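First the structure, in the form of C-alpha cells, and then the observations on it.
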Amino acid sequence: MRIERFISNPVLTPEDIRPSTPLMQIECLLNPGVFRFRGKTWLLIRVAERPEQKVGAISFPILDHNNDIKVFHIPSDSPELDASDPRVINYKGCDYLTTMSHLRLVCSEDGIHFHEDQRYAGLVPSDQHESYGIEDCRVCQIDNRYYLTYTAVSPDGVAVRMRETEDWIHFEDYGIILPPHNKDCALFTEKINDRYMLLHRPSSPEIGGNYIWLAESTDLIHWGRHSCVAKTRPGMWDSARIGAGCSPIRTGKGWLEIYHGADENNRYCLGAMLLDLKNPSKVLARSIAPLMVPSEPYEMAGFFGNVIFTNGHIVDGDDITMYYGASDSVICAAKLSVEDILSSL
C-alpha cells in the first residue's frame, strides 16, 4: 500500500513553537486537529508544557480554582511517588499529569511549512474541568461551522468537551458532552438518518475494555443510542486499546475511519475500518495488518516512543494528507490513498 511520509518530517518540533509563558518550556507537540480555513491548511496542535526540571524534584503545573496556573514540586526520591510513566505520576494515591497541554493554531500555504498567525490564539484550559489540560482535538467542518471535540482532563477524570466556531476567534462552548472516562471523539461530517453521529471511546478498567462506540444526537449536545462498534483483538496489533482518529471519510463503499490501536507493549499503530453508510454501527471491513507502524527514528524514540497517533487529515479526492503525532514529541505528515486503504481491508 502506498504511504509517503513527508521528506521534511518532522514538520514541527517543540523548538518551532514559543512557550505560553517564560516560566514554561515545551516538552512535546502532539496529535493536531486539521482543517482548511481561508485558503490555508491549519493545525490545532496539542502543546504540552511544564516548568524546567531541577535535580531532586518533579515539577508540574495545575490550574487552580482561580484559573491560575500553579506549579507543584514533589521530591523525586519520595517513597509515596510513582514516576514510572513519563506522562502520569502518582503521588500519595493521586494521579497528576507531568505536563499541561493547551491547543495552538498554526497555518501553512503549502502544507509543509507552518507558522503562527497572532490573530488566532487557540485554546487554553478555562475551568476546573480542564485543570490538568486540554488534549487531542478533532476538527469537523459541517457547512460553514467548525466543531472542536477535545479531551478535558481534571482530577475528576477524562471527558469530552466541544466548542464551535466560524471565524476561529469567537467560540461557543457546549461544555462536557461525554462525561468521564471518555476520549477520542470524532464527529461525522454530515447527518445520517437526520441525526448527528460521533465515534467515541469510553474506557473500562475492569469489565469490558477500551473500545470504539457510536452515539447519536439531534442537537449536538445530548448524545444517546450508544452502541459498541469495534473492540480490541487479542494477539493482534490493536489488542490493548483502540480509538477513532479524525472524522470518517465518506466513500462509495462506506464510511472510512482511520483509527489507532495499541498492543500490550504500548506500540501505537494506525489501521482502518469501513462502516455502513446508512448504519455506521455496522462494520463492513477492518484492517488485519496495520496501515502504518512506527518505523522511522522520530516515530520510535521520543517522550513516549514507538507511537504513531493521528486525529487530523485533509481529503482531496483519492488523496489523504494525514498529520500525526510521533513518539509523543513531534508532528509529522504522510500521503495516503483512499482506494489503497479500501483495497487493503
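The values are calculated or read from the model by the stated rules, or taken from the named source; none is laboratory data. Not measured: the values here are computed from a predicted model. Heads up, the Cβs are rebuilt from the backbone with ideal geometry, glycines too, and the neighbour counts pull from every protein chain shown. Only protein heavy atoms, including side chains, enter the accessible area calculation; ligands, DNA and RNA are left aside. Shrake-Rupley method; radii C 1.70, N 1.55, O 1.52, S 1.80 Å.
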- Dipole of the chain [Lys/Arg +1, Asp/Glu -1 at C-beta], most positive-end residue of Val47, Gly252, Gly317: Gly252
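So how strong a dipole does the stretch 45-131 carry about its Cα centre when Lys and Arg Cβ are +1 and Asp and Glu Cβ are -1, to the nearest 20 debye? Write down the numbers at each step before the final one.
Numbers: 8 positive and 15 negative charges, 22 e Å.
Dipole magnitude for the stretch 45-131 comes out near 100 debye.
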- So which residue, out of Ile169, Ile331, Ile212, gets the largest mean-square fluctuation from a GNM of the chain using Cα contacts under 10 Å as springs? Ile169
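Once you have a ≥ b ≥ c as the square roots of the Cα gyration tensor eigenvalues for the chain, tell me rounded if a/c is under 1.5, and otherwise prolate or oblate according to whether a/b is larger than b/c.
Details: a/c = 1.38, a/b = 1.34, b/c = 1.03.
The shape class here is rounded.
Using a probe of 1.4 angstrom, how much of the accessible area of the stretch 206-345 is carbon and sulfur, in percent? Before the final figure, lay out the partial values.
Working: 2710 of 5310 Å².
Ligands and nucleic acids excluded, carbon and sulfur give 51 percent.
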- Query: What whole number of Å gives the distance from the Cα centroid of the stretch 243-302 to the Cα centroid of the stretch 146-207?
  - Reply: 19
- Query: Within a Cβ distance under 14 Å of Ile17, other residues only, what is the Lys/Arg minus Asp/Glu net charge?
  - Reply: -3
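Report, please, the projected area of the stretch 219-345 averaged over directions, based on the convex hull of its C-alpha atoms, in nm². Don't skip to the answer; put the middle values down first.
Values: hull surface 34.4 nm².
The number I arrive at for the stretch 219-345 is 8.6 nm².
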- Message: If the only charges are +1 at each Lys and Arg Cβ and -1 at each Asp and Glu Cβ, what is the size of the charge dipole of the stretch 81-217 around the Cα centre, to the nearest 20 debye?
- Response: 280
- Task: Set Lys and Arg Cβ to +1 and Asp and Glu Cβ to -1, take the dipole of the stretch 130-222 about its Cα centre, and tell me which of Val153, Leu187, Pro205 lies farthest positive.
- Result: Pro205
- So between Ile169 and Ser76, what do we pick up on full extension, going 0.36 nm a residue minus the alpha carbon distance? 29.4 nm
- Heavy-atom accessible area per residue of the stretch 51-152, all protein chains kept, 1.4 Å probe, expressed in Å², is 49
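Explain nothing, just the number: relative contact order of the chain, from Cα pairs under 8 Å at least 6 residues apart, as a whole percent. Don't skip to the answer; put the middle values down first.
Numbers: 935 pairs, mean separation 55.1, N = 345.
After rounding, I find 16 percent.
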- Roughly what would the spin-label model give for Ser84 and Arg286, points 7 Å off Cα along C-beta, in nm? 2.9
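Return the calculated 222 nm mean residue ellipticity for the chain, to the nearest 500 deg cm²/dmol, obtained by summing -39500 (n - 2.57) across DSSP H runs with n ≥ 4 and dividing by the residue count.
Values: 2 runs with 11 residues, N = 345.
When only DSSP H runs of four or more count, the value is -500 deg cm²/dmol.
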- Message: Which one, Trp223, Tyr298, Asn265, is farthest towards the positive end of the dipole of the stretch 223-332 when Lys and Arg carry +1 and Asp and Glu -1 on their Cβ?
- Response: Trp223
- Task: Compute the distribution of all C-alpha to C-alpha distances in the stretch 7-81, in bins of 10 Å from 0, and list the percent of pairs in each, rounded to whole numbers.
- Result: 16, 35, 30, 15, 4, 0
- Query: Which distance in nm do the two modelled labels at Asn266 and Arg18 give, with both placed 7 Å along the Cα-to-Cβ direction?
  - Reply: 3.3
- Query: Top mean-square fluctuation among Ser203, Ser78, Ser59, Gaussian network model of the chain, C-alpha springs under 10 Å?
  - Reply: Ser78
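Is there a quick way to get the dipole size of the chain? I mean about its Cα centre, with the Cβ of Lys and Arg at +1 and of Asp and Glu at -1; what is the value in debye to the nearest 20? If you can, show how the numbers build up before the last one.
Values: 33 positive and 47 negative charges, 152 e Å.
Rounded to the nearest 20 debye, it is 740 debye.
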- Each label point is 7 Å from the Cα along the Cα-to-Cβ direction; what then is the distance between the points at Cys94 and Asp156, in nm? 1.6
- Task: Pairs of lysines 8 or more apart, or on different chains, with alpha carbons under 13 Å: count those in the chain, would you?
- Result: 4
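Between Leu277 and His222, what FRET efficiency comes out of the Förster formula 1/(1 + (r/R0)^6) with R0 = 30 Å and r the beta carbon distance, rounded to 0.05?
In this case the efficiency is close to 0.80.
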- What are the radius of gyration and Dmax of the stretch 162-248, computed over its Cα atoms and given in Å? 14.3, 46
- First select every other residue whose beta carbon is under 11 angstrom from the beta carbon of Phe114; then total the charges, Lys and Arg +1, Asp and Glu -1. -3
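Rounded to the nearest 5, what % of DSSP beta bridges with both residues in the chain are antiparallel? Let's see the in-between values first.
Details: 110 of 113 bridges.
Antiparallel: roughly 95 percent of the beta bridges in the chain.
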- Task: With just the Cα atoms of the stretch 93-221, tell me how far they stretch along each of the three principal axes, in Å, largest first.
- Result: 47, 43, 27
